[in-house]
Amino acid sequence: TPITDMEVKDDMLVLSTQGRGFWILDDISPLRYSESMYKDESVVLFDIPSTYLSNLGGYSGPFSPAGKSYQAEWVLWSMDSSKVDVIVTDMKGDTLVTKKGQKVKSGLNKMNWNLRLDPPAMVKDLVMMDMRYPGQGPKVPPGTYNITIKKDDQEVSKTIDVDLDPAWKTPVGDFKSQYDMAREVADMIEESQQRIMHLRKVTEVTNLLKERKSLDSMKSNIDSISMKAKELQDMIYQDKILASQDEINFERKWTNHIIRLYRVVLSQHGKPTAGEQERWTDLQADYQGFNKAYFDFIENQLKPMNQKLMDTGVIHLPEDHEG
């Protein structure tokens, strides 16, 4: 099809065709540079255009890009095919996202960030109507963020501005309130999930210990620890859910309730409601009962048993999720 017109607008190249269609190359800034300008560099990160915090995708129809939405997009030049780490931080220096081992090819590479934080850690069998593994992180509020690329011993950084959708009249401060609450809820979800991981590791190790004839004298204590680990997990987690709709057939537990709250906070575009704040306060209070029982278990059962196991020279029980 013949090209009937061509125009450069900001960093976009727009082409019209005789076939009544038009094409937009949305970021031609890297084409303004010659490779000779950075031939001595291992990696070059070009200026990152601003983007919008919005729920608009801007695409429709059978041939539209799948899942396309407003996000951070940038172009990276690499001297060779290799892997890079991508780190997103806020202007205070707090790390929001870490993506290790991202593949890049020799030459120009287009990369992106969906404006969300890393999701909270979750057990791999988590399946609920509101979320399933691996979960989803909170979206950042409007502001300026830093994108850092690490390749071998070289590090390059650029900032990106995330602006509010012009059609939204919600005050920016309300998005910050939503983000703060989402992060707090996500942190508690991650902590609770890590404790479930720990309790499951305890169960795995106790099953191994039961097989050792040399520990028959401790069998009742080992059984007690195994049962207590399962009891603690059952306090906050419903492990009978295998598919999302199963949630309506079994008792809803603390994890079901906090993930429901998390989904509601993530999906809105503004300040959390008084009802959400009240629910969050209730869930924090409910969690304290589990927390107390969890630490009592570690101090009064795990640690004393580990002291006995040290004397026998066998494997010890993990005292946290990383143990």
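One residue stands out in the range 289-310 among those that are buried (at least 16 other Cβ atoms within 10 Å of the Cβ) and within 27 Å of the chain's Cα centre (by Cα): the one that is farthest from Val202 (Cα to Cα), namely Phe290.
Could you please let me know if His257 is assigned to a helix (DSSP H, G or I) and in contact with a Pro (Cβ under 8 Å, 6 or more places away or on another chain)? So His257 fails the test. Among the numbered conditions (1) assigned to a loop (DSSP other than H, G, I, E, B); (2) touching a strand residue (DSSP E or B) at 6+ places or on another chain (Cβ under 9 Å); (3) not small (Gly, Ala, Ser), the only one that Asp246 does not meet is (1).
One residue is enough: does the range 274-282 have a residue meeting the conditions of a type outside the set (Phe, Trp, Tyr), in contact with a helix residue (DSSP H, G or I) (Cβ under 7 Å, 6 or more places away or on another chain), within 30 Å of Thr170 (Cα to Cα) and at pLDDT 95 or above? Looking through the range 274-282, at least one residue is of a type outside the set (Phe, Trp, Tyr), in contact with a helix residue (DSSP H, G or I) (Cβ under 7 Å, 6 or more places away or on another chain), within 30 Å of Thr170 (Cα to Cα) and at pLDDT 95 or above.
Under the condition of being among the small types (Gly, Ala, Ser), modelled with pLDDT of 95 or more and under 16 Å from the mean Cα position of the chain (by Cα), the residues counted in the range 122-143 number 1. Scan the range 51-67 for residues that are at pLDDT 90 or above and either loosely packed, with under 12 Cβ neighbours inside 10 Å or touching a helix residue (DSSP H, G or I) at 6+ places or on another chain (Cβ under 9 Å) (or both) and the total you get is 1.
From the list Lys139, Lys103, Lys110, the lone residue that is touching a Lys or Arg at 6+ places or on another chain (Cβ under 8 Å), in contact (Cβ under 8 Å) with a residue 12 or more places away in the chain, of a type outside the set (Phe, Trp, Tyr) and surrounded by fewer than 13 Cβ atoms within 10 Å (Cβ to Cβ) is Lys103.
Against the criterion of being more than 24 Å from the chain's Cα centre (by Cα) and either at pLDDT 90 or above or not acidic (Asp, Glu) (or both), Gly313 qualifies. If you go through the range 68-99 and pick out every residue that is part of a strand (DSSP E or B), modelled with pLDDT under 95 and crowded, with 17+ Cβ neighbours inside 10 Å, you end up with 6. Inclusion of Asp174 among residues that are over 17 Å from the mean Cα position of the chain (by Cα) and in a strand (DSSP E or B) is not warranted. When Glu278, Glu299, Glu231, Glu322 are screened for being out of contact with any strand residue (DSSP E or B) (no Cβ under 8 Å at 6 or more places or on another chain), within 23 Å of Ala121 (Cβ to Cβ), among the acidic types (Asp, Glu) and in a helix (DSSP H, G or I), only Glu231 passes. Ile160 falls short on exactly one of the conditions (1) within 17 Å of Pro49 (Cβ to Cβ); (2) free of Cβ contacts under 8 Å to residues at least 40 places away in the same chain, and that condition is (2).
With (1) surrounded by 18 or more Cβ atoms within 10 Å (Cβ to Cβ); (2) within 25 Å of the chain's Cα centre (by Cα); (3) hydroxyl-bearing (Ser, Thr, Tyr); (4) farther than 30 Å from Asp165 by Cα as the list, and Thr206 as the residue in question, which single condition is left unmet? The failed condition is (2). When Glu247, Glu211 are screened for being charged (D, E, K, R), in contact (Cβ under 8 Å) with a residue 12 or more places away in the chain and farther than 17 Å from Ile196 by Cα, only Glu247 passes.
The rows are residues; the columns are (1) out of contact with any Ser or Thr (no Cβ under 9 Å at 6 or more places or on another chain); (2) within 30 Å of Asp40 (Cα to Cα).
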position	(1), (2)
Gly101	yes, yes
Met122	yes, no
Tyr145	no, yes
Thr148	no, yes
Lys151	no, yes
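When the residues of the range 216-244 are filtered to those that are farther than 25 Å from Lys139 by Cβ, among the polar types (S, T, N, Q) and touching a residue at least 60 places away in the same chain (Cβ under 8 Å), the one that is surrounded by the most Cβ atoms within 10 Å (Cβ to Cβ) is Asn221.
The values are calculated or read from the model by the stated rules, or taken from the named source; none is laboratory data. Owing to the predicted nature of the structure, the values given are computational and were not obtained by experimental measurement. Note that we place each Cβ from the backbone using ideal geometry, even for glycine, and neighbour counts take in every protein chain shown.
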